[in-house]
C-alpha cells in the first residue's frame, strides 16, 4: 500500500494513500483540440457544454452595466485553489516532492538523520516509517525544510528546485503541469475586470516565486498556509527569519479566514477541486447577488488522473454531494477539457 | 495630566500623554495655496523644496525604461502608514475615539459596567482609572468593542460610526481629516504604475470600510493589526466570527511581517510618521536598487499639530535621529505643505 503525505498544518502530513488513481500518461491530447473553438472564443480549450456555458454566462451577467446583477470591477474578486485546480497534484503534492528532495539535499549537513526518524525514513524511501512518527515527525520535517532560513533564502531554494525538478512520471518541470483550460479562465476573468487570487492549502512562500510568471498572479494575490516569521537586524542587515511554528493553515475552514485576512471582502467566484475547498466555495457563494462556484472533478484517467471520494489526495466527497444543491458547476475533466496542459495545444 | 490610549496589541492601550502638541485650529489654509503649482504639477499642494523634489526624482528614476534604476510596474510597491501619515491622529487615534463611543453605545446592554473597571472609567471619563487596569483592562475593552460579532456586523458598526462621528476640535467627519498632499502622492504613484498599500498599526477591519472611497486603496491592499477569526455556519448561514485574541500586531517589527504575509515582496517606497514605522522604512530601504523612505514630521502647531520626541501619540525619536544616515526624506509639514486638508484647497 503506497504511502504519501497529504496536507495539514499548512504544509504536509503523512497518510496512507489508496490506489484509486488512474495511471498518468504523457500522450498528446486528443484530436479534438480546438475543433469547437469559435473565432474570439475566450475559452478555446473548453468543449461546449454546461461548464463552459456557466462560466461565460456568469461573467456576462456581472459585467452588464445597468442590470441588477452588475458588479463593479472593484467587487470582481475570484479565488482559485492551486493543487488539483490550477496544476496537477498527483501522484503527490508538488510541495511534498520538494520536501523529500530538500531532506536529501540537507542530509550531508545532518549525519545524525541516517539514524533518526522521520528523516531516516525519508532518506531510505520508507514512507511507512515516516508515517509512524505522526504529527510530531511532520513538524520536524517542516522545521528542517521550511524554517530557520530567511524569506529571501527560502525563495531562492524554491526557485532553484523548481528550475531543475521534474515530475516523476511526466518528466516535465512542474510549472508545465498547469491546466490550460484554467489558464484561459484566469485570462478571461482578468480581461473582464476581475482580480484573480490563489487561495491554497500549500505554503504561500512556496508559490509566490513562480505564480506571476506561470499564472499571471502576483505575489500579493497569493494566499496560502504560512509559518511564523520574525523581523531581525544583524550587522545592519534586516531579514525576515522563518520560524518553526504554524501561523495559518489555509485549508478547509481556514480558507475563508485566509481570504478575509488578505482580501477583506467576500469573493464572488471560487474555483476548487477537493473538500479542502468546500468552505471557500460555501463562503463565496452563500452571500446575496450573483455568485459562482466551480469544482474541477478529476475524471480523466487516460489524460490526467481520475480520483475523488476514495483518494487521500484531493478527497472530494461533500463537494460532489452538495454541488447541485449549492448551484456549483462541476467540471468533468474528461468531457469538458480539450487539452489538459499548455504543451498539448 | 491628560490620559489617552496609544497603540499596542494591534488596537489600543492606555498611556499618560504629554501636552507637547500644539492646539488644533480649523482656520483656512494660508494664502499661498496653489501659488507654486505649475501646470501639470503632480503635487500641487506641495511647496517647492527638497521633499517634493525627492518624491518626483525617485518616481522619475524608477519609471525611466532602459536605465539601471528602472523598476518594472510589478515591482512598484509603495506602503503607507495611516495614523499621522495619511490622516490626523491628534488629539487621539480615531480608533480610540471609536472605542470610547462604542463602550458608551453598548453600556445599556451591560448595566454591570457602571460598577466595573475599565468600563466604569470609560463611561465616567475617568481615564486614569482605565489606565490603572493595565493590559488586562485593554484586552477586556477590545473584546467588548471589537470581538464577538461577525466581520459583516463589525463593518456595519464602523461604517455607521464614521458616518456620524465628528472630530472633537475640528468638528468634521474623520474621513475629511486626511492630508491633501499625501492624497496627491498616492495619486501620483498610482499614475506611475505603483500599487499603493496601507500598513497600519490600527485594526485592519476598522480601515477597510472606507479606504477605497477616501484614499483609492481597496480592502485587499490594506494591512493592519487584526484579531483572530473563526469560520462558522449556523442555520446554513456562514459567517466569520471575530474572536477575543490578537492575531497580528502590525506595528514596529510587526510591520515587515505584515508586509511579507500580505504582499510577499519588499516594497520600494515607504511613508510613515512615527517610530512605529521605523522597521517598515528600514526593511523597505535597505535592499539593493532604488529605494525611497519618507517621514511626515508634524511641525505645524498652527494648522495641524506639532509633536515628535516627547509625544506619546506618534512618538518620533529614532526616525529623526537616523533619517539622514538612512537617506530618508523628512517632510517639514509647516514648510512643505501648502494645505493640510482637502477642504482647504
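The values are calculated or read from the model by the stated rules, or taken from the named source; none is laboratory data. As the structure is a prediction and not an experimental result, all values here were calculated from the model. Heads up, the Cβs are rebuilt from the backbone with ideal geometry, glycines too, and the neighbour counts pull from every protein chain shown.
Let me confirm something: among B:179, B:93, B:174, which residue is surrounded by 18 or more Cβ atoms within 10 Å (Cβ to Cβ), under 30 Å from residue B:319 (Cα atoms), at pLDDT below 95 and within 17 Å of the chain's Cα centre (by Cα)? Talk me through it step by step, then tell me what you get.
Numbers: B:179 fails: at pLDDT below 95; B:174 fails: at pLDDT below 95.
Being surrounded by 18 or more Cβ atoms within 10 Å (Cβ to Cβ), under 30 Å from residue B:319 (Cα atoms), at pLDDT below 95 and within 17 Å of the chain's Cα centre (by Cα) holds for just one of B:179, B:93, B:174, which is B:93.
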For segment A:40-61, pairs from a residue that is at positive phi to a residue that is part of a helix (DSSP H, G or I), with Cβ under 7 Å and 6 or more apart or across chains, are A:49/A:335; A:49/A:336
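Which ranges mark the helices (runs of 4 or more DSSP H) fully within segment B:151-241 that have 3 or more residues being under 30 Å from residue B:293 (Cβ atoms) and within 12 Å of chain A (Cβ to nearest Cβ)?
Where helices (runs of 4 or more DSSP H) fall fully within segment B:151-241 and carry at least 3 residues being under 30 Å from residue B:293 (Cβ atoms) and within 12 Å of chain A (Cβ to nearest Cβ), they are B:204-215.
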Specify which of the listed residues (B:59, B:71, B:79) is closer than 21 Å to residue B:193 by Cα, at pLDDT 95 or above and part of a loop (DSSP other than H, G, I, E, B). B:71
Consider residue B:54 carefully, then state whether it is assigned to a helix (DSSP H, G or I), at pLDDT 95 or above and touching a strand residue (DSSP E or B) at 6+ places or on another chain (Cβ under 8 Å). yes
Test each condition in (1) within 22 Å of the chain's Cα centre (by Cα); (2) under 23 Å from residue B:242 (Cα atoms); (3) surrounded by 19 or more Cβ atoms within 10 Å (Cβ to Cβ); (4) modelled with pLDDT of 95 or more for residue B:142 and report the one that comes out false. (4)
Scan (1) more than 10 Å from every other protein chain (Cβ to nearest Cβ); (2) in contact (Cβ under 8 Å) with a residue 24 or more places away in the chain; (3) over 17 Å from residue B:260 (Cα atoms); (4) surrounded by fewer than 21 Cβ atoms within 10 Å (Cβ to Cβ) for the single condition residue A:252 breaks and write down its number. (1)
Considering each of B:343, B:337, B:305 in turn, give the residue that is within 30 Å of residue B:173 (Cβ to Cβ), over 18 Å from the mean Cα position of the chain (by Cα), surrounded by 24 or more Cβ atoms within 10 Å (Cβ to Cβ) and at pLDDT 95 or above. B:337
Any residue that is touching a strand residue (DSSP E or B) at 6+ places or on another chain (Cβ under 6 Å), facing another protein chain (nearest Cβ under 10 Å), assigned to a helix (DSSP H, G or I) and over 27 Å from residue B:152 (Cβ atoms) - is there at least one of those in segment B:262-272? no
Exactly one condition in (1) away from chain A (no Cβ under 14 Å); (2) in contact with a helix residue (DSSP H, G or I) (Cβ under 7 Å, 6 or more places away or on another chain); (3) buried (at least 21 other Cβ atoms within 10 Å of the Cβ); (4) not in a helix (DSSP H, G or I) is not met by residue B:293; state its number. (1)
